[in-house]
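Single-structure report; data block below.
Values in this text are rule-based calculations from the coordinates and carry no lab data. Fair warning: this is a prediction, and the values are worked out from it, not measured in the lab. Quick reminder, even Gly has a Cβ in these numbers, built from the backbone with ideal geometry, and neighbours come from all protein chains shown.
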Amino acid sequence: MTGLRKRMLEELQRRNYSPTTIRAYLYAVEEFARYFGKSPDKLGQEDLRQYQLHLLHDCKLTIGTIVGRIAALRFFFVKVLRRPYREIDLVYPKRPERLPTVLSQDEVARLIDSANNLLDYAMLMTLYATGMRRAELIRLKVEDVDSQRMILHIRQGKGNRDRDVPLTPKLLKTLREYWRWMKPKTYLFPGMVRNWRADKPITPKCVWSAVQDAAKRAGIKKRVSPHTMRHSFATHLLENGADLRTIQMLLGHVDLETTAVYLHLSRRHLQAVTNPVETMSISILDTVKRSRRRKQQP
């Protein structure tokens, strides 16, 4: 490990960044240095500008990925190299405002039923029944399942915050059946090493593949990811009468405004207000002419 990498790692650890963020930040700086073939501390403002254009035009990365790379480079130059913030010529590209994909309850049921095996079935059921993030799912431990209180403990979620979510009877039944088959020791969903089960967390890619494969078998054409299960969980809760504050706590959102996006996805809320077109006095449809020809002006 180089001195710069070690220093950056220490600065990230001092601020209690998550392991996932640490890996992403270190990788981003490595890629930056590799592109120019120089140590990153030898590069400057014009190099940053050129690299950002490279990410946008050559790599064709998503806006979210580019934002993550920029955040990592800002951290490196400002927190590790101690360069003035105003000298860092990096701007965050504007994110397109898109509503998240949401499945209907029937589609969620079809997706879970199309799981490849009991491991995938249990993971998909847990994602939907709790609304937890993929990173939270892979770190779940057997001891986090509290069947006495009917609670699932989520340890050190996003922002290093703990929270509890309800453990429903149907999910508990699924996890018990899964446990009898898999018999996990530490992590509820253990990973593999050289095609052998190991006492380590399953990889994020395995969770992604479980969702993608099930969606394909279920014939779902929408773009589906593990986070789609979270969006669907929140939207269905809202449609079933849960209030935003409760959903905010279950999802682990810091800001209620983040949770409010589900108001745009809930059919119940979208249809709650009468559309003004329904109260207008307009022509009866049967009397409207069918010809597209316009009358000639005299």
(request) Show the residues, 5+ positions off or on another chain, whose built amide H is closer than 5 Å to the amide H of Lys141. (result) Leu188
(request) With a/c under 1.5 counting as rounded, go ahead and sort the stretch 51-189 into rounded, prolate or oblate using the C-alpha gyration tensor (a ≥ b ≥ c being the square roots of the eigenvalues; past the cut-off, prolate if a/b is larger than b/c, else oblate). (result) prolate
(message) Give me Trp181, Trp196, Trp208 sorted ascending by neighbouring Cβ count inside 10 Å, so fewest comes first.
(response) Trp196, Trp181, Trp208
(request) Return the lysines within reach of Lys38: Cα separation strictly under 22 angstrom, same-chain partners fewer than 8 residues apart disregarded; answer none if there are no such residues. (result) Lys6, Lys79
(request) Give a residue-ordered list of calculated ³J(HN,Hα) values for the stretch 53-70 (Karplus: 6.51 cos²θ - 1.76 cosθ + 1.60, θ = phi - 60°; whole Hz; x for Gly, Pro). (result) 5, 4, 5, 6, 9, 8, 7, 6, 6, 5, 4, x, 5, 5, 4, x, 5, 5
(request) Determine which residues of the stretch 118-157 fall in the zone a paramagnetic label at Thr186 would reach in this model, i.e. backbone nitrogen under 20 Å from the point 7 Å along Cα→Cβ. (result) 135-146, 153-157
(message) Taking 0.36 nm per residue of sequence separation and subtracting the Cα-Cα distance, how much length would be gained by fully extending the chain between Lys79 and Gln105, in nm to one decimal?
(response) 4.8 nm
(message) Placing unit charges on C-beta atoms (Lys and Arg positive, Asp and Glu negative, everything else neutral), compute the dipole magnitude of the chain about its Cα centre in debye, rounded to 20.
(response) 700
(request) Quick one: grab Rg to one decimal and Dmax as a whole number for the chain, Cα atoms only, in Å. (result) 24.8, 87
(message) Within 14 Å, Cβ to Cβ, of Ala210, how many net charges do the neighbouring residues add up to if Lys/Arg are +1 and Asp/Glu are -1?
(response) +1
(request) Towards the positive end of the charge dipole of the chain, with charges on Cβ (+1 Lys, Arg; -1 Asp, Glu), say which of Pro96, His57, Leu175 has the farthest Cα. (result) His57
(request) With a ≥ b ≥ c taken as the square roots of the eigenvalues of the C-alpha gyration tensor of the stretch 1-70, please select rounded if a/c is under 1.5 and otherwise prolate if a/b is larger than b/c or oblate if it is not? (result) oblate
(request) In a Gaussian network model over the chain where Cα atoms closer than 10 Å are linked, find which of Met249, Met192, Met182 has the largest mean-square fluctuation. (result) Met192
(request) Taking 7 Å along the Cα-to-C-beta vector as the label spot, tell me the Asp199-Leu4 distance in nanometres, rounded to one decimal. (result) 4.0
(request) At 0.36 nm per residue, minus the direct Cα-Cα distance, what do Glu46 and Arg34 gain on full extension? Give it in nm, one decimal, please. (result) 2.7 nm
